[in-house]
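Q: Okay, handing you the structure first.
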Amino acid sequence: MAIFHPVDEKDITRAIAGSFLRQLEDYAESDVIIVGGGPSGLMAGRELCAGDLKVLIVERNNYPGGGFWIGGYFMNKLTLRSPAQEVFDELGVPYEKYTDGLYVADAPHACSKLIASACDAGVKFMSLTQLEDIVLREGRVGGVVVNWSPIAHLPREIAALDPVPLEAKVVIDATGHDASVARKLSERGIIEIAGEGAMWVDASEDAVVERTGEVYPGLIVCGMAVASVYGLPRMGPTFGAMLLSGRRAGELALDLLQKIAITGGEK
Ligand code: 48F
């Protein structure tokens, strides 16, 4: 006797395609689009979804997590400094104290818990999807223009594929060192990107959290994108600032959404 319920192959395709298309149709207009599914983007999404909002993470890889999967070098370990271990307490990630205020944890464990918690909160994902441009209307970022990631690696003569736009009330740039979304503004001379500084952990983490915020109407930067935009030092495989910056970006996006609801988006 068979273990599993009988199925037709076509129903598997229809189930996947139907579910994907319904989601794409729904999330063609989101409250918040987060570009980049690394630790800062996942934290921002988790924070935002607590408020029952439509939040979409656009990620160019086929998996979320960014630099959080592997931590430092090839060693699968990451560090974080007090008070960020409180986030690990919330997520249920085990960690060890290395010295006062410095903790070490298994990166895959931390990353998978954070992804699961963003999913549990209700964040939706578009994977293998790369930011190609932004929607810019009346002095405000109003969404993103995305394409299938592999297209960027194919010669144009065999794969000319137009991207599609996705609208959002607020966009968060969580693309890490690349600051890909903010860069679309700098390419047009609208903002300047200073470029990330050399490593100085002590100065970097506080500065990244403090400067997390709206870099242009409708666009918030978080995580290492903040360091790239403002020329702050890099920090290497310590992740407390990524978690707290992502959380702050989520809080700021909530404030912005409230402001937009009151003013209808006027500056
Ligand atoms: O790089 P990433 O982990 O950024 P983060 O959240 O955290 C940085 C740390 O991992 C580490 C560090 C501090 O501890 O120095 O590097 O700031 O995650 C960024 C995600 O954005 C995706 C990329 O694949 C990665 O998963 N991404 C980058 N550019 C694009 C993009 C793009 N143009 N379109 C879509 N996704």
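The values are calculated or read from the model by the stated rules, or taken from the named source; none is laboratory data. Worth saying up front: this structure is predicted, and the values here are computed from it rather than measured. Every residue, glycine among them, receives a Cβ derived from its backbone with ideal geometry; neighbour counts consider all protein chains shown. For accessibility, only protein heavy atoms count, side chains too; no ligands or nucleic acids. Shrake-Rupley method; radii C 1.70, N 1.55, O 1.52, S 1.80 Å.
Q: Choose one of 197, 254, 236: the residue whose Cα lies farthest towards the positive end of the charge dipole of the stretch 182-267 (beta-carbon charges +1 Lys, Arg; -1 Asp, Glu; about the Cα centre).
A: Positive-most Cα among the choices belongs to 254.
Q: At a probe radius of 1.4 Å, what is the per-residue accessible area of residue 175, in Å² to the nearest 10?
A: The value for residue 175 is about 30 Å².
Q: Next question. Taking 35 Å as R0, compute the FRET efficiency from the Cβ-Cβ separation of residue 106 and residue 251 and round it to 0.05. Write down the numbers at each step before the final one.
A: Working: r = 28 Å, r/R0 = 0.80.
Computed FRET efficiency for residue 106 and residue 251: 0.80.
Q: Here is a further query. Would you look at the GNM of the chain, springs on alpha carbons closer than 10 Å, and say which of 19, 30, 82 moves the most?
A: It is 19.
Q: Could you tell me, in Å, what Rg and Dmax come out for the Cα atoms of the stretch 135-267?
A: Values for the stretch 135-267 (Cα only, Rg and Dmax): 16.1, 49 Å.
Q: Continuing with this model, one more query. So, taking all protein chains as they sit and a 1.4 Å probe, how much accessible area belongs to residue 112, in Å² rounded to tens?
A: 50
Q: Moving to a separate point now. To the nearest 10 Å², what's residue 148's accessible area with a 1.4 Å probe?
A: Accessible surface of residue 148 is approximately 130 Å².
Q: Which one of 88, 74, 239 has the biggest mean-square fluctuation once the chain is modelled by GNM with Cα springs under 10 Å?
A: Highest fluctuation of the listed residues: 74.
Q: How much area per residue is accessible in the stretch 1-153 when the probe is 1.4 Å and only protein heavy atoms are counted (Å²)? Provide the component values of the computation, followed by the final result.
A: On the way: 8420 Å² over 153 residues.
Per residue, the stretch 1-153 has 55 Å² of solvent-accessible surface.
Q: Pick from 236, 37, 176: which residue has the top mean-square fluctuation in a GNM of the chain where Cα pairs under 10 Å get a spring?
A: The residue with the greatest mean-square fluctuation here is 236.
Q: If you build the Cα gyration tensor of the chain and take the root of 5 times each eigenvalue, what three semi-axes come out, in whole angstrom, biggest first?
A: Largest first, the chain gives 29, 26, 19 Å.
Q: Just tell me which lysines come within less than 18 Å, Cα to Cα, of residue 77; anything on the same chain fewer than 8 places away is out.
A: Cα-Cα hits under 18 Å: 97, 113.
Q: Specify, per residue and in Å³, the volume enclosed by the convex hull of the alpha carbon atoms belonging to the stretch 39-182.
A: With only Cα atoms used, the stretch 39-182 gives 133 Å³ per residue.
Q: Right, something else. Hey, which aspartates and glutamates would be in cross-link range of residue 54, C-alpha to C-alpha under 12 Å, not counting anything within fewer than 8 residues on its own chain?
A: Within the straight-line limit of under 12 Å, residue 54 reaches these aspartates and glutamates: 26, 29, 31, 167.
Q: Would you compute, from DSSP H runs of 4+ residues alone, the mean residue ellipticity of the chain at 222 nm, taking -39500 (n - 2.57) per run and dividing by the full residue count, rounded to the nearest 500?
A: Working: 8 runs with 100 residues, N = 267.
Mean residue ellipticity, 222 nm, calculated: -12000 deg cm²/dmol.
Q: Counting Lys and Arg as +1 and Asp and Glu as -1, each charge on the Cβ, what is the dipole of the stretch 62-191 about the Cα centre in debye, to the nearest 20? Walk me through the numbers before you get to the answer.
A: On the way: 12 positive and 16 negative charges, 36 e Å.
That gives the stretch 62-191 a dipole magnitude of about 180 debye.
Q: Debye sum, Cα scatterers, the stretch 1-104, no solvent: what log₁₀ I/I(0) at q = 0.14, 0.21 1/Å?
A: Log10 I(q)/I(0), no solvent term: -0.79, -1.13.
Q: Can you give the accessible area per residue of the stretch 157-267, in Å², using a 1.4 Å probe?
A: 47
Q: Turning to a different aspect of this structure: Could you run the Karplus curve 6.51 cos²θ - 1.76 cosθ + 1.60 with θ = phi - 60° over the stretch 167-180 and give me ³J(HN,Hα) per residue in whole Hz, x for Gly and Pro?
A: So the J values, rounded to whole Hz, are 8, 8, 6, 9, 10, 10, 8, 10, 8, x, 4, 6, 6, 4.
Q: What do you get for trypsin sites (Lys or Arg not before Pro) in the stretch 178-238 restricted to DSSP loop and a cutoff of at most 13 other Cβ within 10 Å of the site's Cβ?
A: When the trypsin sites (Lys or Arg not before Pro) of the stretch 178-238 are filtered for loop state and at most 13 Cβ neighbours within 10 Å, 188 remain.
Q: What part of the accessible area of the chain, given as a whole %, is carbon or sulfur when the probe is 1.4 angstrom?
A: Roughly 54 percent of what the probe reaches on the chain is carbon or sulfur.
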